[in-house]
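What follows draws every value from the coordinates through simple rules; no lab data is involved. This is a predicted model, so every value here is computed, not measured. Cβ: placed from backbone, ideal geometry, glycine included. Neighbour counts: every protein chain shown.
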Amino acid sequence: MTLARTERAALVQTLRSVGPDAPTLCAGWSARDLAVHLVLREGRLDASAAGLVPPLRGYSRSVAASYANKPWPVLLRTVMDGPPWYSPFRPLDGVLNLAEMFVHHEDLLRGGADPDGPYLPRKLPADMDRALENSLRIVGKLTLAGSPARITLGSVDGRELLAAGRGASVTVSGTTGELLLFAFGRSPVDVSVTGDAAAVQAVMAAERSV
């Protein structure tokens, strides 16, 4: 089983445990909304694409509602099944879906947590932590390119994983998973941010999203 499949199974188990109305870190999304998003992303590219075109957003909402109305166990089974045979995500599941499953699992695990408070994350296996480094580099280049400071992302073992942005130097240190969540703009995250006080404040206030 790939790491993506393992994380998918863990995500579904958490969905089953917390129930469809549990909060997530995605603004306005419940656990049910999150599950519907995953199903549409992988199996209903027509609806996902339509959501990006204003005149077709009604169609996208209609398809989403049809899945949201399914019984919770049925919806979870669809999430667990993963991309259908005709989806371009299926042959690339191990490459494209590890970060997706991880980030959305954390969205669920941290739903309702104080965004400004401390958070003790789960400990990831070493192979998963390493596998997320590629995703971190790709996502970080996108989300941190316009940063108000020169951000260096550093691993807990002292390696530089990515540097992006321009301006005063700010270093963000943590495990790969926490750095990936930081790059996606999630909060709370367990990272250490050091540098010029004004630059650190500007970085923390800046939007980070794909």
Sorted from fewest to most neighbouring beta carbons within 10 Å, what does the list GLU178, GLU133 look like? GLU133, GLU178
Which of ALA126, ALA168, ALA183 moves the most in a Gaussian network model of the chain with Cα springs under 10 Å? ALA126
Mean residue ellipticity (222 nm) of the chain, computed from DSSP H runs ≥ 4 via -39,500 (n - 2.57), nearest 500: -15500 deg cm²/dmol
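Please give the contour-minus-distance gain from VAL74 to ALA163: 0.36 nm per residue of separation, less the Cα-Cα distance, rounded to one decimal in nm.
Gain in length upon complete extension: 27.7 nm.
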Taking r as the C-beta separation of THR194 and ALA10 and R0 as 45 Å, the FRET efficiency to the nearest 0.05 is 0.90
Could you grab the relative contact order for the range 51-186? Cα pairs under 8 Å, six or more apart, rounded to a whole percent. 16 percent
Relative to the compact-globule estimate 2.2 N^0.38 Å (N residues), the Cα gyration radius of the chain stands at a ratio of 1.06
